[in-house]
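Remarks on the structure that follows.
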Amino acid sequence: MIKAILFDLDDTLYTSFDALNSQGYDAVSAWVEQELGINAAAFRAQAVASRRYYHTVLHAEPESHDRVLQMQRALEYFGANPVLYAQRLHEIYWDTLISGMALRPGTPALLDELHHLGLKTAVCTNMMADKQMEKLRVLGLAGQFDVFVSSEEAGRDKPSPQIFELCLRKCGCAPQEAVMIGDNRDHDIGGALAAGLHGIWLNWTGKPYARYASPHYEAADIPGVKKCIFEILKKEGF
């Protein structure tokens, strides 16, 4: 029987991370040009390249998401002192991104309904704990989840099994008793299926169907996710 419903955060509970990420780099680059005299386009290119660099050398490590590291590397490229400016750029980036988030319609009502059914709800998210918690507060969801797990706490990003295992331990359930919902078909759904959970792919961009060896469900929006959850509950004898 299903006991817990796990949710990814970025691009699952709000949209759209890619668009907001781009706005964050735009804001950082504009500040650098105004305050440090470094060409905005050139700095932006280095900041984005730094993000790719850390995702490569720190693959599946939560530190790869640290914008302070990324800004440090970009500032050093231009000969600027990162100790003076990296934290400020980190703050500009996240303030821009977080202020632009839009809660996915239907999310609070779905969480209320899941709680009414006696199901535990959890956030199972990559990235650093502080910023992910801040996002939940700004979205008005801080009190809507029973469990919070970040990859920083687990030590590895999704799709590594460690983060799913930690979330399951906190929820007090076995893999087959949990459902993972997320927009990333590889990290969220592939990782969940490999760990033995049920999976609902929130395919809000209409990407081609994700063909995994294990069956999973697919939805385009939160009402569709709700329908999939109830199909699973019925199938599992809830």
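Of the residues making up the stretch 74-89, just one is farther than 15 Å from Gly37 by Cβ and among the polar types (S, T, N, Q), namely Gln87.
Residue-wise test of (1) farther than 19 Å from Cys228 by Cβ; (2) in a loop (DSSP other than H, G, I, E, B); (3) modelled with pLDDT of 95 or more; (4) not hydroxyl-bearing (Ser, Thr, Tyr).
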| position | (1), (2), (3), (4) |
| --- | --- |
| Leu97 | yes, no, yes, yes |
| Leu111 | no, no, yes, yes |
| Ala122 | no, no, yes, yes |
| Gln132 | yes, no, yes, yes |
| Arg137 | yes, no, yes, yes |
| Leu141 | yes, yes, yes, yes |
| Val149 | yes, no, yes, yes |
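For the stretch 207-237, a residue qualifies if it is over 25 Å from Tyr14 (Cβ atoms) and either modelled with pLDDT under 90 or assigned to a loop (DSSP other than H, G, I, E, B) (or both), and the qualifying residues are Arg211, Tyr212, Ala213, Ser214, Pro215, Glu236, Gly237. Evaluation of Gln162 against the conditions (1) more than 19 Å from Val225 (Cβ to Cβ); (2) out of contact with any strand residue (DSSP E or B) (no Cβ under 7 Å at 6 or more places or on another chain); (3) in contact (Cβ under 8 Å) with a residue 12 or more places away in the chain; (4) open to solvent by 60 Å² or more (accessible area, probe 1.4 Å) shows that the sole unmet condition is (3). Taking the conditions (1) open to solvent by 50 Å² or more (accessible area, probe 1.4 Å); (2) assigned to a helix (DSSP H, G or I); (3) within 13 Å of Gln46 (Cβ to Cβ) in turn, Ala74 satisfies each one other than (1). Each residue in the stretch 1-24 was checked for being charged (D, E, K, R) and more than 22 Å from His116 (Cα to Cα), and 3 pass.
The values are calculated or read from the model by the stated rules, or taken from the named source; none is laboratory data. Model, not experiment: these values are computed from the prediction. So basically every Cβ, Gly included, is an ideal-geometry build from the backbone, and we count neighbours across all protein chains shown. In case anyone asks, the SASA skips ligands and DNA or RNA and just uses the protein heavy atoms, side chains included. Shrake-Rupley method; radii C 1.70, N 1.55, O 1.52, S 1.80 Å.
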